[in-house]
Amino acid sequence: MQLPVVNHPDYVAKINDDNKFPIKKFGALADHLIENKVVKEFHIPKECSIETMKTSHSMEYINNIKNKTLDIQSQKKIGFPINDSVVRRSFVATGGTVLASKLALESKLACNTAGGSHHATFNFGAGYCVFNDVAVAANYLKNKMYAKKILILDLDVHQGNGNSEIFKNDKDVLTFSMHCGSNYPAKKSKSDIDIELVENTEDQEYLNILNENLKKLNWSKYDFVFYIAGVDIHFGDRLGKLKITDEGINKRDQMVIENFYKKNIPLCGVLGGGYNKSFTKLIELHSMLHKNCAEII
């Protein structure tokens, strides 16, 4: 069976050349997956509808993005200029995670080649996140009655504060974030489960902590899992502060994917963060999510 993977050329938005965010990684990752025969062709998403988006964001904020009327201070907080290209990307990438979640229901595993914008909350964006695609997709699945109990497993190096804020009063969505405690955001919100790692944590300790927590999570019953597979935990990441190797990230992805696949729980994998000093290495690390899903399906 072929792993369903969602991608759109408009994931690569036009931002200033001096922007620290490696926006070209989305196109390069798609090329890498085709060249390495991980996928033959991609599922192409449409823009997420306002109807679906407003389950997780205020209409005022959605309209400020759509109409490019967001104030400069709020744009700086996001880190992107709110131009036509970024607006298009934000709606399409969110639609991509919604599509990937639907595909995961059918095939047990599916991935987006973007997504994991976990710093966006109900009223604003932050930290290179405009819309919270995972929150939107989770609410979509719930509202359509495709899933009742959802786990958001966030292994990005930064806390998934947007998810914990959006779902803080929702007992049907469990937010789990395992991150570097001294990293962004400075003020953490409260997830259902927060695991704070110390700086310079290495493979063995990281994988042991993850393994123990997967065992605990397995006591609960979920209909669906969103996996935010951030690779900014890598020792070569510019924003990371942890010391996880290539092998550690690969093993992490295998552990997560196998754990839920064995239990027959659909999993939607999204990218999360990655700011490696080496662009080539960054693409290789991000592709581990898709390669490991393709091998198991």
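Check 29, 33 and return the single one that is in contact with a strand residue (DSSP E or B) (Cβ under 7 Å, 6 or more places away or on another chain) and modelled with pLDDT of 95 or more.
Details: 29 fails: in contact with a strand residue (DSSP E or B) (Cβ under 7 Å, 6 or more places away or on another chain).
After applying the criteria, what remains is 33.
Tell me, please, whether a residue that is part of a helix (DSSP H, G or I), closer than 22 Å to residue 141 by Cβ and basic (Lys, Arg) can be found in the stretch 254-267. Lay out the reasoning, then the answer.
Going residue by residue through the stretch 254-267, those that are part of a helix (DSSP H, G or I) are 254-262.
If we keep only those that are closer than 22 Å to residue 141 by Cβ as well, we get 256-257, 259-262.
Subsequent filtering for residues that are basic (Lys, Arg) retains 262.
Within the stretch 254-267, one or more residues are part of a helix (DSSP H, G or I), closer than 22 Å to residue 141 by Cβ and basic (Lys, Arg).
Please list, ordered by first then second residue, the pairs with beta carbon atoms under 8 Å, 6 or more apart or interchain, first in the stretch 108-137 and at pLDDT 95 or above and among the basic types (Lys, Arg), second crowded, with 24+ Cβ neighbours inside 10 Å and part of a strand (DSSP E or B).
Taking only residues 6 or more apart or on different chains, the pairs are 108/267.
Would you list the helices (runs of 4 or more DSSP H) that sit entirely within the stretch 104-218 and hold 2 or more residues that are surrounded by fewer than 17 Cβ atoms within 10 Å (Cβ to Cβ) and basic (Lys, Arg)? Walk me through it before giving the result.
Details: elements: 133-143, 161-166, 203-217.
Ranges flagged: 203-217.
May I ask you to list the residues in the stretch 72-88 that are surrounded by 13 or more Cβ atoms within 10 Å (Cβ to Cβ), of a type in the set (D, E, K, R) and farther than 16 Å from residue 120 by Cβ? Even if it seems obvious, please write down each step before you answer.
In the first step, residues of the stretch 72-88 are kept if they are surrounded by 13 or more Cβ atoms within 10 Å (Cβ to Cβ); the result is 74-75, 77-83, 85-88.
Then drop every residue that is not of a type in the set (D, E, K, R), which leaves 77, 88.
Correct list: 88 only.
Restricting attention to the stretch 66-95, which residues are over 14 Å from residue 128 (Cα atoms) and touching a helix residue (DSSP H, G or I) at 6+ places or on another chain (Cβ under 7 Å)?
66, 68, 70, 88, 92
How many of the residues in the stretch 1-19 are in contact (Cβ under 8 Å) with a residue 12 or more places away in the chain, out of contact with any Lys or Arg (no Cβ under 8 Å at 6 or more places or on another chain) and within 27 Å of residue 78 (Cβ to Cβ)?
Initially, the stretch 1-19 is screened for residues in contact (Cβ under 8 Å) with a residue 12 or more places away in the chain, giving 1-16, 19.
Subsequent filtering for residues that are out of contact with any Lys or Arg (no Cβ under 8 Å at 6 or more places or on another chain) retains 1, 3-9, 14-16, 19.
Add one more test, that the residue is within 27 Å of residue 78 (Cβ to Cβ), and what stays is 5-9, 14-16, 19.
Number satisfying all stated conditions: 9.
Just need a number here: residues in the stretch 256-297 that are among the acidic types (Asp, Glu) and within 27 Å of residue 127 (Cβ to Cβ). Reasoning before the result, please.
To start, the set of residues in the stretch 256-297 that are among the acidic types (Asp, Glu) comprises 258, 284, 295.
When the remaining residues are screened for being within 27 Å of residue 127 (Cβ to Cβ), the result is 284.
Result for the stretch 256-297: 1.
Take residue 240 and tell me if it is in contact (Cβ under 8 Å) with a residue 24 or more places away in the chain, outside any strand (DSSP E or B), at positive phi and buried (at least 18 other Cβ atoms within 10 Å of the Cβ). Lay out the reasoning, then the answer.
On the way: in contact (Cβ under 8 Å) with a residue 24 or more places away in the chain: yes; outside any strand (DSSP E or B): yes; at positive phi: no; buried (at least 18 other Cβ atoms within 10 Å of the Cβ): yes.
Judged against the criteria, residue 240 is not a match.
In this structure, does residue 221 turn out to be of a type in the set (D, E, K, R), under 26 Å from residue 290 (Cα atoms) and part of a helix (DSSP H, G or I)?
Numbers: of a type in the set (D, E, K, R): yes; under 26 Å from residue 290 (Cα atoms): yes; part of a helix (DSSP H, G or I): no.
No: the conditions fail for residue 221.
Kindly establish whether residue 247 is free of Cβ contacts under 8 Å to residues at least 60 places away in the same chain and of a type outside the set (A, V, I, L, M). Explain how you work it out, then say what you get.
Working: free of Cβ contacts under 8 Å to residues at least 60 places away in the same chain: yes; of a type outside the set (A, V, I, L, M): yes.
Against the criterion (free of Cβ contacts under 8 Å to residues at least 60 places away in the same chain and of a type outside the set (A, V, I, L, M)), residue 247 qualifies.
Answer with yes or no whether residue 174 is out of contact with any His (no Cβ under 9 Å at 6 or more places or on another chain) and closer than 20 Å to residue 211 by Cα.
yes
The values are calculated or read from the model by the stated rules, or taken from the named source; none is laboratory data. Not measured: the values here are computed from a predicted model. Positions of Cβ are backbone-derived with ideal geometry, glycine not excepted, and every protein chain shown enters the neighbour counts.
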